[in-house]
Amino acid sequence: MEITKNTLMKEVLVDHMRNVLANDPNCVMLDADLAKCAGTNVLYKEFPDKCFDVGIAEANMTSMAAGLSSYGFKPYVSSFAPFATRRSADQIMISICYAGQNVKIIGTDPGISAELNGGTHMALEDIGMLRSIPNILIYEPTDTMEFYKALPQIHDYPYPCYIRMHRKSPALLTKESDEVNILKARIMREGTDCTVVASGIMVETALLAADELAKEGISVEVVCCHTVKPIDSETIIASAKKTGAVVTAENHNVMGALRSAVCEVLCENYPVPLESIGVKEKFGEVGKVPYLRKVFNMDVEDVVGAIRKVITRK
């Protein structure tokens with residue numbers, strides 16, 4: 001598949017699913033009445049015996065996937081992020097993770113990328129819910145190229161995975177030549193004055209903030225933490241030792257996800273001042289991404305302000 005700046009993440013997902021459905025006899029796909037939104041509806045004609053739409057019944061879909069896995073199948077399940085997680089939390093905990101079933105869960109349009117679907121559909125707590133459950137990998141793609149490189153690794157990962165997928169097309173930050181390892185964070189920009197650990201759509205925001213501050217001679221290191229669990233402690237500690245100050249930036253509630261994971265790593269290993277960018281004690285609301293970034297203080301100027309503040313605390 002050729003990845004361009006106009007490639008959508010859901011197109012990358014469909015390309016991957018087409019490949020694994022064709023070549024892995026045990027791979028199956030389950031949707032909950034949202035296959036058209038995820039783009040996976042095109043697979044139903046190509047693989048009618050391996051794709052199943054269970055209707056608006058996400059918890060049942062998750063249980064079905066767990067059952068299929070127990071018989072040796074490799075199920076992928078897909079729905080909007082709040083339905084794939086909040087509505088299926090007990091099934092994920094007991095039927096998948098506790099039972100050790102190899103199920104890949106795809107939650108689309110997480111956080112503010114839910115836009116006009118509003119607060120009920122805006123998953124700002126999905127990572128926080130799942131991160132405390134043993135035996136699950138939590139991955140949020142940064143862009144389409146990284147996602148393209150990560151999906152085969154996720155398919156081969158023998159434990160449950162949650163993929164927090166933006167359906168559309170974030171900025172293309174990963175080069176074709178870049179190495180992607182789902183278990184290793186990536187240094188997107190070297191710096192010495194402050195570290196920004198970012199995930200998902202906030203990686204581009206962090207890089208833009210670093211560009212702004214570079215004009216003033218402030219050197220910002222940007223760490224792309226695409227996998228929140230298991231988190232790459234080694235890279236985060238090494239960067240914190242170099243810069244002495246950290247900002248986290250995420251498209252999620254600041255409790256329970258990236259900020260919490262980074263705080264745990266630093267508190268136990270190398271405490272430094274930390275500021276955070278993300279949703280703070282608010283529910284989601286209707287709006288386009290630029291508006292929602294303003295509402296939740298997740299814009300470039302907010303990251304710049306957090307960096308300035310944390311540097312003064314060193």
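Readers should treat all values here as calculations from the given coordinates under stated rules, not as data from a laboratory. Nothing here was measured: the structure is a model prediction, and the numbers come from that model. Cβ coordinates were reconstructed from backbone atoms using ideal geometry, including for glycine residues, and neighbour counts include every protein chain displayed.
Based on Cβ point charges of +1 for Lys and Arg and -1 for Asp and Glu, what charge dipole magnitude is obtained for the chain about its Cα centre, in debye rounded to the nearest 20?
Details: 33 positive and 40 negative charges, 62 e Å.
Roughly 300 debye, rounded to the nearest 20.
By the rule of a C-alpha distance below 21 Å, with chain neighbours fewer than 8 residues away ignored, the lysines paired with Lys294 are Lys168, Lys280, Lys282, Lys309. In this structure, the amide hydrogen of Gly118, modeled 1.01 Å from its nitrogen in the peptide plane, lies closer than 5 angstrom to those of Gly287, counting only residues at least 5 positions away or on a different chain.
The trypsin sites (Lys or Arg not before Pro) found in the range 1-70 that occupy coil by DSSP, while having at most 15 further C-beta atoms within 10 Å, are Lys5.
Would you mind giving the three semi-axes, in whole Å and largest first, of the ellipsoid equivalent to the range 69-178 according to its Cα gyration tensor? Walk me through the intermediate numbers first.
Working: eigenvalues 102, 76, 21 Å².
Listed largest to smallest, the semi-axes of the range 69-178 are 23, 19, 10 Å.
Volume per residue for the range 164-209 equals 101 cubic angstrom (convex hull of Cα atoms).
Could you work out the helix-only [θ] at 222 nm for the chain, with each DSSP H run of four or more residues adding -39,500 (n - 2.57) and the total divided by the number of residues, to the nearest 500 deg cm²/dmol? List each step's numbers first, then the result.
Working: 12 runs with 116 residues, N = 314.
For the chain, the value works out to -10500 deg cm²/dmol.
Taking 0.36 nm per residue of separation and subtracting the current Cα-Cα distance, fully stretching the chain between Ser70 and Ile187 would add 38.3 nm. Going by neighbour counts of Cβ atoms within 10 Å, the residues Arg259, Arg186 line up, fewest first, as Arg186, Arg259.
Report the antiparallel proportion of the DSSP beta bridges in the chain as a percent, rounded to a multiple of 5.
Numbers: 5 of 40 bridges.
Just about 10 percent of them are antiparallel.
Using the number of other C-beta atoms within 10 angstrom as an exposure proxy, rank Cys161, Cys37, Cys27 with the fewest first.
Working: Cys161 22, Cys37 16, Cys27 19.
Lowest to highest Cβ neighbour count: Cys37, Cys27, Cys161.
Scanning residues 5 or more positions from His252 or on other chains, those with amide H under 5 Å from its amide H are Val279, with H placed 1.01 Å from N in the peptide plane.
Between Tyr98 and Glu212, how high is the FRET efficiency from 1/(1 + (r/R0)^6) when r is the Cβ-Cβ distance and R₀ = 51 Å? Nearest 0.05.
Details: r = 46 Å, r/R0 = 0.91.
In this case the efficiency is close to 0.65.
Taken over the range 1-111, the alpha-carbon convex hull comes to 102 cubic angstrom per residue. Rounded to the nearest whole Hz, the Karplus-based 3J(HN,Hα) values (6.51 cos²θ - 1.76 cosθ + 1.60, θ = phi - 60°) of the range 109-122 follow the sequence 6, x, x, 5, 6, 5, 6, 6, 6, x, x, 5, 9, 9, with x at glycine and proline. Given contacts defined as C-alpha pairs under 8 Å and at least six residues apart, what's the relative contact order of the range 186-312, whole-number percent? RCO, the range 186-312: 29 percent.
When you restrict to C-alpha pairs under 8 Å that are six or more residues apart and normalise by the size of the chain, the relative contact order lands at 16 percent.
Using the Kirkwood radius over Cα pairs, work out the Stokes-Einstein diffusion coefficient for the range 186-312 at 20 °C and 1.002 mPa s, in µm²/s as a whole number.
My calculation gives 150 µm²/s for D.
At a 10 Å Cβ-Cβ cut-off, how would you order Ser199, Ser79, Ser132, fewest neighbours first?
Final ranking by Cβ density, sparse to dense: Ser132, Ser79, Ser199.
Take every Cα pair under 8 Å whose residues are at least 6 apart in sequence, average their separation, divide by the length of the range 16-101, and the relative contact order is 32 percent.
Listed by number, the DSSP H helices of the chain that run 20 Å or longer by alpha-carbon position along their axis and have mean Kyte hydropathy of at least -1.0 are 9-23. Dipole magnitude for the range 9-165: computed about the Cα centre from +1 point charges on Lys and Arg Cβ and -1 point charges on Asp and Glu Cβ, it is near 220 debye.
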